[in-house]
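Encoded as structure tokens, the structure appears first; notes follow it.
The values are calculated or read from the model by the stated rules, or taken from the named source; none is laboratory data. From a predicted model like this one, the values you see are computed outputs, not experimental measurements. As a convention, Cβ positions derive from the backbone with ideal geometry for all residues, glycine included, and neighbour counts pool all protein chains shown.
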Amino acid sequence: MLRCEHLFEWLARERNITVEEMRAIIAARIEKGLNDPNPEKRAQWRKIPCVVDMPTPDEWLWYVANVI
């Protein structure tokens, strides 16, 4: 079973940063994608199911894992 925390810990360790910093990087990328000037790219990001307006890093990861 995929656990978000394990992946985020691994990614953070690989970059020598904290898990919180890794989550912030992912969140910033999600926000950038949702605001991309290209409407096709924005539409792709908006396909990610989320509870609020912007997917969390966990929601992004679950979406990516299920699409792959």
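Annotations
- Residues of the range 9-31 satisfying the condition of being of a type in the set (Val, Ile, Thr), part of a helix (DSSP H, G or I) and touching a helix residue (DSSP H, G or I) at 6+ places or on another chain (Cβ under 8 Å): VAL19, ILE26, ILE30
- Within the range 23-68, the residues that satisfy the criterion of being aliphatic (A, V, I, L, M), at pLDDT 95 or above and surrounded by 13 or more Cβ atoms within 10 Å (Cβ to Cβ) are ALA24, ILE25, ILE26, ALA27, ILE30, LEU34, ILE48, MET54.
- Cβ-Cβ under 7 Å pairs, at least 6 apart or on other chains, the range 15-28 side closer than 11 Å to THR56 by Cα, far side in a helix (DSSP H, G or I): ARG23/PHE8; ARG23/PRO57; ILE26/PRO57; ILE26/TRP60; ALA27/PRO57
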